[in-house]
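S.K.: The structure under discussion is supplied below as structure tokens; questions concerning it will follow.
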Amino acid sequence: MLFIEYDVHEDGLIELIALVNAVDEDGSDPDGEAWMAWRRTHDDAGLGCAAVSAADLAAMEGTEDPDELRAIVEAVVLADRAGKEQPR
């Protein structure tokens, strides 16, 4: 399971922090639940993490075009933010 870890700055800029393979080395936790539970203990309660779907992961692995990869990551992060932001 791949997660994208990111920060959102006060000016709205989104910064990519890491791509995290959350599957344990022994193959346990294939859906990343244990890692995400651990990640929720941090300052942002895990709000700065987006799970990458199997389809998006396949697209990421299938491209060598940096612009296409950037667009996939951006779409995943923006969809994650839209689902987590509170209505004003």
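Each reported figure results from applying straightforward, stated rules to the coordinates on display, with no laboratory input. Predicted, not measured: the structure shown is a model, and the values here were computed from it. Backbone-built Cβ (ideal geometry, glycine too); neighbour counts: all protein chains shown.
S.K.: For the chain, modelled as a Gaussian network with Cα springs under 10 Å, which listed residue fluctuates most, Asp29, Asp67, Asp11?
M.R.: Result for the chain, Cα springs under 10 Å: Asp11 fluctuates most.
S.K.: Nearest 500 deg cm²/dmol is fine: what mean residue ellipticity at 222 nm does the chain get from its DSSP H runs of n ≥ 4 alone, each adding -39,500 (n - 2.57), divided by its residue count?
M.R.: Computed ellipticity for the chain at 222 nm equals -12000 deg cm²/dmol.
S.K.: Could you run the Debye sum over the Cα atoms of the chain, one equal point scatterer each and no solvent, and tell me log10 of I(q)/I(0) at q = 0.11, 0.17, 0.18, 0.25 Å⁻¹, two decimals?
M.R.: Taken in order of the listed q values, log10 I(q)/I(0) reads -0.32, -0.76, -0.84, -1.37.
S.K.: Label Glu61 and Leu19 with points 7 Å out from Cα along Cα→Cβ: what is the distance between them in nm?
M.R.: 1.1
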